[in-house]
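Asks: Sharing a structure below in structure tokens format, with a few things to ask.
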Amino acid sequence: MPVPEYRRAVARCWSMRADAAQRARERGSTDPGLRAGVTSGKHLDPLANLVEQVLVDAGLPPSSIHKDRGVELPGYYRPEKKWDVVAVYDGTVVAAVEFKSILGSYGNNMNNRTEEALGNATDLLEAAEKGLLGVTPPWLGYVFLMQDEPASRSPVRVRQTHFPVDAQFTNSSYQDRALLMCRRLVLRRLYNAAWFITGDGKGTPEGIGEPAHDLSWVKFEASLRGRVAEVLA
């Protein structure tokens, strides 16, 4: 059976990270590790390309889809924010998608990703409410890639200093927390769809996991295609 394109795209994220680390070593870095692969700023490009292709296949002209440049959208609490993929057609923000990953240092990074996801969506939706993004509310997508390893799968202790935490976080792993965050972002309608993926770091499609069907690529893609159909109708 052919390997789905989305799995090949996720696998390429690890290949690009490994290539960036190798280039760092060739430049003389003594400890490029994961950081070099992430700070290269390109390791999630295969996922952005995948989303772009879906938008084109769904009927948008390529000129309406922006990556790297033309990705600024107005905010409410700040002048603007750069999204990773932005599609604007006939004065309508068809979609704005954010791509994030955690490939280590899970504690601080998980908190940072949560704050970013909440802040970015809240800022943009408030700007839309104030009429800064045209008359049609934007479609927002969130893509989250996490390394699948014991450190991300093991239960993490929570600090309940003054009040008990939400019971769903008790004995949860960082993967559990990421899944719960993505699901709640969609349930609270901060994002229209979220895709949560894990990978074992070997750069093969077989090592890619999707822990929850409601946060899978097929659901994400269907929602995105539906949005394009709505705008083009």
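Read-outs throughout are calculated quantities, based only on the coordinates presented, and are distinct from any laboratory measurement. Just so it is clear, the structure is predicted and the values come from calculations on it, not from any experiment. Quick reminder, even Gly has a Cβ in these numbers, built from the backbone with ideal geometry, and neighbours come from all protein chains shown.
Asks: If you take every residue apart from ALA193 with its C-beta less than 10 Å away from the C-beta of ALA193, what net charge results, scoring Lys and Arg +1 and Asp and Glu -1? Display every interim value, and only then the final one.
Replies: Working: positive: LYS219, ARG227; negative: ASP214, GLU221.
Around ALA193, the charge tally is 0.
Asks: Pull up all non-local amide H partners of GLY75: gap of 5 or more, or a different chain, and H-to-H distance under 5 Å with H placed in the peptide plane.
Replies: Answer set, sorted by chain and number: GLU80, LYS81.
Asks: Please get the size of the charge dipole for the chain, origin at its Cα centre, with Cβ charges of +1 on Lys and Arg and -1 on Asp and Glu, quoted in debye to the nearest 20. Numbers along the way, then the final one.
Replies: Values: 29 positive and 28 negative charges, 98 e Å.
Its charge dipole is roughly 480 debye.
Asks: Could you compute the net charge surrounding SER152? Neighbours are other residues with a C-beta less than 13 Å from the C-beta of SER152; K and R count +1, D and E count -1.
Replies: On the way: positive: ARG113, ARG153, ARG177; negative: ASP148, GLU149, ASP176, ASP200.
Counting the neighbours of SER152, the net charge comes to -1.
Asks: May I pose another question? Normalized C-alpha radius of gyration of the stretch 34-115, against 2.2 N^0.38 Å? Spell out each step's value before the answer.
Replies: Numbers: Rg = 14.5 Å, N = 82, 2.2 N^0.38 = 11.7 Å.
Rg over 2.2 N^0.38 Å, computed on Cα atoms: 1.24.
Asks: Additional query: Compare THR170, THR161, THR204 in a GNM of the chain, Cα atoms joined below 10 Å, and give the one with the largest fluctuation.
Replies: THR161
Asks: Taking each pair of different alpha-carbon atoms in the stretch 124-233 once, compute 1/r for the pair, average those values, and report the inverse of that mean as the Kirkwood hydrodynamic radius in Å to one decimal. Could you put the intermediate results ahead of the total?
Replies: Values: mean 1/r = 0.0623 Å⁻¹.
Across the stretch 124-233, the inverse of the average 1/r is 16.1 Å.
Asks: Work out the charge dipole of the stretch 92-160 with +1 on the Cβ of Lys and Arg and -1 on the Cβ of Asp and Glu about the Cα centre, then indicate which of GLY107, ALA96, ASN120 is farthest towards its positive end.
Replies: So the residue furthest toward the plus end is GLY107.
Asks: Continuing with the same structure: Would you compute, from DSSP H runs of 4+ residues alone, the mean residue ellipticity of the chain at 222 nm, taking -39500 (n - 2.57) per run and dividing by the full residue count, rounded to the nearest 500? Could the numbers behind the result be given before it?
Replies: On the way: 7 runs with 100 residues, N = 233.
Calculated mean residue ellipticity at 222 nm is -14000 deg cm²/dmol.
Asks: Based on a Kirkwood Rh over C-alpha pairs, give the Stokes-Einstein translational diffusion coefficient of the chain at 37 °C and viscosity 0.692 mPa s in µm²/s.
Replies: Details: Rh = 18.7 Å.
Once the numbers are plugged in, D ends up at 176 µm²/s.
Asks: Residues with beta-carbon under 14 Å from that of ASN112, excluding ASN112: net charge, scoring Lys, Arg +1 and Asp, Glu -1? Walk me through the numbers on the way to the answer.
Replies: Values: positive: LYS100, ARG113, ARG177; negative: GLU98, GLU115, GLU116.
Neighbour charge sum, excluding ASN112 itself: 0.
Asks: In addition: State, as an integer percentage, the relative contact order of the chain based on alpha-carbon contacts under 8 Å between residues 6 or more apart.
Replies: Details: 361 pairs, mean separation 47.0, N = 233.
It rounds to 20 percent for the chain.
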